[in-house]
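Undergrad: I have a structure I would like to understand better, so I am pasting it below and will then ask my questions one at a time.
The values are calculated or read from the model by the stated rules, or taken from the named source; none is laboratory data. Here the structure is a predicted model, which is why all the values come from computation and not from measurement. A quick note on method: Cβ atoms are made from the backbone with ideal geometry, for glycine too, and the neighbour counts reach across all protein chains shown.
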Ligand code: BGC
């Protein structure tokens, strides 16, 4: 596209009007769960060479031309702080447009609306659902034409989708015939903001209407369609589908029946082992989560999958199915940021392969247009704490470049509220460095440095002693849930102080890389001070809190241990694990993240592996063997009020599989310098895998021969590789 054409395209999008619902005054727009449709026809008088669609909307929108959906993304627009920003999309629509009469339709849905949890970004409550679209046609003879949203469009408040909700599901009637077309309402420009749940002092007050920005985050798609593992009949018309995998997504179903037959799909992570019916407790919603499909009764197969919601599930109870449901009639699919898989891990131990697969599933299930805490519960909110624990692991497994760039833009607006401490808020300090270290994009580091610095200043002012006394800490330590969410806190000061030191170190490295030497010295000094505070508070008699797992692992992983204390601190921890801890985990998400590497470095990877395997509680073996888990849980314990079976936080515990079992250690930004040094548990006979950095792949393949590791490692050109045996 020439520059001139680009300018013209943008001009037409700027000219397009916001159009949408005409709601009576006083009605709260977000409370309306209907999915209106707006349409217009247009005539392409000459053959069309290309058609380019530029579009945005709020809540969700989808565009069809002549009945064909344009673009391959779902749940658009991407979520963000809507007071500041609204993402638009550019899609090629050439194959859908024909010479002659065409119809373009926009379906709107509530999206992130009033029923979305308080810690998420909700669209503005008073704002009607709306869209703004420009279709730019280039004819075969080079002439151009635009079709823009304006007052000539028609609008119907009712459509085949009678309601949609992010949590509650969708209701769809294939035989819908209740269109009531009327002129569309041309809306004011998008000029007001709703302000909820912002970071005190750090939230940036929007200066005007939200910015319209082209979405360049990871595309959110429906992908990986799979036949289910099985279908069981509960009674006539009622079946339970076992998708075989617990993940974020939905079910597509087909049926042949009569007009008005209603099929309801109830989604759940679990199944009651006694009755075989689904168990929806982890959804934690008042109303059971379900999609409802009413048949048109065409006499042919009719199929349905929801478009404006998603679920975290493995099992689906299908009610009202006409006939016998079989595995041929259903497919499950994933919904989320469709990031490319760029890493691989495999070894001789099937348990670790199973753990790797579950970690991958849980991470993918929580990549929407932002990292969520979980996909099934009445939350699904942007979560810095959860993300911070497993970002490095995610980058080993997937191409997270665009995803985290967009997430940093979200964080930078200060629009994710919560506690002012290192675990809950520190992601804005550490992720710019992590992103740079993996993808070597200095512009991203530069852009995010000021906000990272502001956060650090704030933490230093709040906690001059260096010890942070607030936060979630080693969230989800083993607990029986008796005290509800309060049971899940652990080692609050230890985790937050260690992460504070780590954040100072990340910031020092960021500043140095950006040539800000004074800043770098300041943050290095802060690191030293916080490290000393950690040791003064938590180290005594040669051990961190008597050798407890979390405080010791944190100290080793974040470089807080004084050289002269290393041996005793390590010995105390291993002694305690084998003694008082009876070979079991006492860790939550941060202890788990840091323990694997710490034990492997000390030559005790086998001990880590045996704690992971269990099979008693708390362990992953416990989840896999007793509950057939295919994803990682929120807590070690299956039951309670905050016990989902698909949080991504524990995926942080996968990092050592890459860095220690495969032994891939990145030593310089962009992975330009890499050391391969496996330190693997003795029971593992072989391992192979790879990670991908901007210059290309680093692959490792080793096996044990006569007790020694024979390591074969390769790296793409431009990567300096050293293999240490
Ligand atoms: C949410 C969890 C989340 C945790 C830590 C809680 O408020 O309910 O889903 O994992 O915060 O971020």
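Undergrad: I need a count of the residues in region 378-437 that are under 12 Å from the mean Cα position of the chain (by Cα), away from the ligand (no atom under 16 Å from the Cβ) and part of a loop (DSSP other than H, G, I, E, B).
TA: 1
Undergrad: Assess whether residue 582 counts as being surrounded by fewer than 16 Cβ atoms within 10 Å (Cβ to Cβ) and in contact with a helix residue (DSSP H, G or I) (Cβ under 7 Å, 6 or more places away or on another chain). Even if it seems obvious, please write down each step before you answer.
TA: Values: surrounded by fewer than 16 Cβ atoms within 10 Å (Cβ to Cβ): yes; in contact with a helix residue (DSSP H, G or I) (Cβ under 7 Å, 6 or more places away or on another chain): no.
Considered against the rule, which asks whether it is surrounded by fewer than 16 Cβ atoms within 10 Å (Cβ to Cβ) and in contact with a helix residue (DSSP H, G or I) (Cβ under 7 Å, 6 or more places away or on another chain), residue 582 comes out as no.
Undergrad: Condition check: over 20 Å from residue 446 (Cα atoms), in contact (Cβ under 8 Å) with a residue 12 or more places away in the chain, away from the ligand (no atom under 16 Å from the Cβ) and assigned to a helix (DSSP H, G or I). Does residue 364 satisfy that? Walk me through how you get there before you give the answer.
TA: Working: over 20 Å from residue 446 (Cα atoms): yes; in contact (Cβ under 8 Å) with a residue 12 or more places away in the chain: yes; away from the ligand (no atom under 16 Å from the Cβ): yes; assigned to a helix (DSSP H, G or I): yes.
Yes; evaluated as a whole, the condition is true for this residue.
Undergrad: Within region 77-125, can you find the residues that are within 20 Å of residue 30 (Cα to Cα) and surrounded by fewer than 16 Cβ atoms within 10 Å (Cβ to Cβ)? Steps first, please.
TA: Here is the first cut: in region 77-125, the residues within 20 Å of residue 30 (Cα to Cα) are 77-87, 106-125.
Scanning region 77-125 gives 114, 118, 125.
Undergrad: Being within 16 Å of the ligand (Cβ to nearest atom), within 18 Å of the chain's Cα centre (by Cα) and closer than 30 Å to residue 581 by Cβ, is that true of even one residue in region 456-474?
TA: For region 456-474, residues within 16 Å of the ligand (Cβ to nearest atom), within 18 Å of the chain's Cα centre (by Cα) and closer than 30 Å to residue 581 by Cβ: absent.
Undergrad: Which residues, counting only those in region 158-215, are under 26 Å from the mean Cα position of the chain (by Cα) and at pLDDT below 70?
TA: 193, 194, 195, 196, 197, 198, 199, 200, 202, 203
Undergrad: Looking only at strands (runs of 3 or more DSSP E) that fall completely inside region 661-725, which ones have 1 or more residues that are at pLDDT 95 or above and out of contact with any helix residue (DSSP H, G or I) (no Cβ under 8 Å at 6 or more places or on another chain)? Steps first, please.
TA: Values: elements: 664-666, 673-676, 686-693, 696-705, 708-715, 720-723.
The strands (runs of 3 or more DSSP E) meeting that bar are 673-676, 686-693, 696-705, 708-715, 720-723.
Undergrad: Would you pick out the residues in region 345-367 that are over 16 Å from residue 630 (Cβ atoms) and surrounded by fewer than 19 Cβ atoms within 10 Å (Cβ to Cβ)? Please lay out each step first, then the result.
TA: To start, the set of residues in region 345-367 that are over 16 Å from residue 630 (Cβ atoms) comprises 345-349, 367.
If the condition is that a residue be over 16 Å from residue 630 (Cβ atoms) and surrounded by fewer than 19 Cβ atoms within 10 Å (Cβ to Cβ), then 346, 348 are the ones that fit.
Undergrad: Let me ask another. If I ask for residues that are part of a loop (DSSP other than H, G, I, E, B), closer than 9 Å to residue 359 by Cα and within 11 Å of the ligand (Cβ to nearest atom), which ones from region 632-655 would you list?
TA: Residues of region 632-655 part of a loop (DSSP other than H, G, I, E, B): 632-648.
Those still in the list that are closer than 9 Å to residue 359 by Cα too: 632, 648.
Across region 632-655, the qualifying residue is only 648.
Undergrad: Anything in region 143-162 that is part of a loop (DSSP other than H, G, I, E, B) and farther than 22 Å from residue 306 by Cα? List them, or say none.
TA: As a first pass, look at region 143-162 and keep what is part of a loop (DSSP other than H, G, I, E, B): 143, 149-153, 157-160.
Hits for region 143-162 are 143, 149, 150, 151, 152, 153.
Undergrad: Could you figure out which of (1) surrounded by fewer than 19 Cβ atoms within 10 Å (Cβ to Cβ); (2) within 15 Å of the ligand (Cβ to nearest atom); (3) modelled with pLDDT under 95 isn't true of residue 487?
TA: (1)
Undergrad: If you don't mind, there's one more thing I want to ask. Can you tell me which residue in region 56-76 is surrounded by the fewest Cβ atoms within 10 Å (Cβ to Cβ), limited to those that are more than 23 Å from residue 163 (Cβ to Cβ) and touching a strand residue (DSSP E or B) at 6+ places or on another chain (Cβ under 7 Å)? Before the answer, list the steps.
TA: Here is the first cut: in region 56-76, the ones more than 23 Å from residue 163 (Cβ to Cβ) are 65-66, 68, 70-72.
Checking the rest, the ones that are also touching a strand residue (DSSP E or B) at 6+ places or on another chain (Cβ under 7 Å) come to 65-66, 70-72.
Details: 65: 21, 66: 14, 70: 22, 71: 17, 72: 12.
Restricting to residues being more than 23 Å from residue 163 (Cβ to Cβ) and touching a strand residue (DSSP E or B) at 6+ places or on another chain (Cβ under 7 Å), the top hit is 72.
Undergrad: Looking only at region 227-276, filter to residues that are under 29 Å from the mean Cα position of the chain (by Cα) and assigned to a loop (DSSP other than H, G, I, E, B); which one of those is surrounded by the most Cβ atoms within 10 Å (Cβ to Cβ)?
TA: Of everything passing the filter in region 227-276, 269 is surrounded by the most Cβ atoms within 10 Å (Cβ to Cβ).
Undergrad: Out of (1) on the phi > 0 side of the Ramachandran plot; (2) in contact (Cβ under 8 Å) with a residue 24 or more places away in the chain; (3) surrounded by fewer than 24 Cβ atoms within 10 Å (Cβ to Cβ), the odd one out for residue 471 is which?
TA: Evaluating residue 471 over (1) on the phi > 0 side of the Ramachandran plot; (2) in contact (Cβ under 8 Å) with a residue 24 or more places away in the chain; (3) surrounded by fewer than 24 Cβ atoms within 10 Å (Cβ to Cβ) leaves (3) as the failure.
Undergrad: Further, regarding this structure: Which condition does residue 58 not pass, out of (1) touching a helix residue (DSSP H, G or I) at 6+ places or on another chain (Cβ under 9 Å); (2) within 12 Å of residue 131 (Cα to Cα); (3) at pLDDT below 95, if it passes all the others?
TA: (1)
Undergrad: Another question, if that's okay. Report, by residue number, each residue of region 63-99 that is assigned to a strand (DSSP E or B) and in contact (Cβ under 8 Å) with a residue 60 or more places away in the chain.
TA: From region 63-99, those assigned to a strand (DSSP E or B) are 63-65, 68-69, 85-92; that's our starting set.
Hits for region 63-99 are 63, 65, 85, 86, 87, 88, 89, 90.
Undergrad: In this structure, does residue 629 turn out to be part of a loop (DSSP other than H, G, I, E, B), in contact (Cβ under 8 Å) with a residue 12 or more places away in the chain and either in contact with a strand residue (DSSP E or B) (Cβ under 9 Å, 6 or more places away or on another chain) or farther than 24 Å from residue 363 by Cβ (or both)? Full working, then the answer.
TA: Working: part of a loop (DSSP other than H, G, I, E, B): yes; in contact (Cβ under 8 Å) with a residue 12 or more places away in the chain: yes; either in contact with a strand residue (DSSP E or B) (Cβ under 9 Å, 6 or more places away or on another chain) or farther than 24 Å from residue 363 by Cβ (or both): yes.
Against the criterion (part of a loop (DSSP other than H, G, I, E, B), in contact (Cβ under 8 Å) with a residue 12 or more places away in the chain and either in contact with a strand residue (DSSP E or B) (Cβ under 9 Å, 6 or more places away or on another chain) or farther than 24 Å from residue 363 by Cβ (or both)), residue 629 qualifies.
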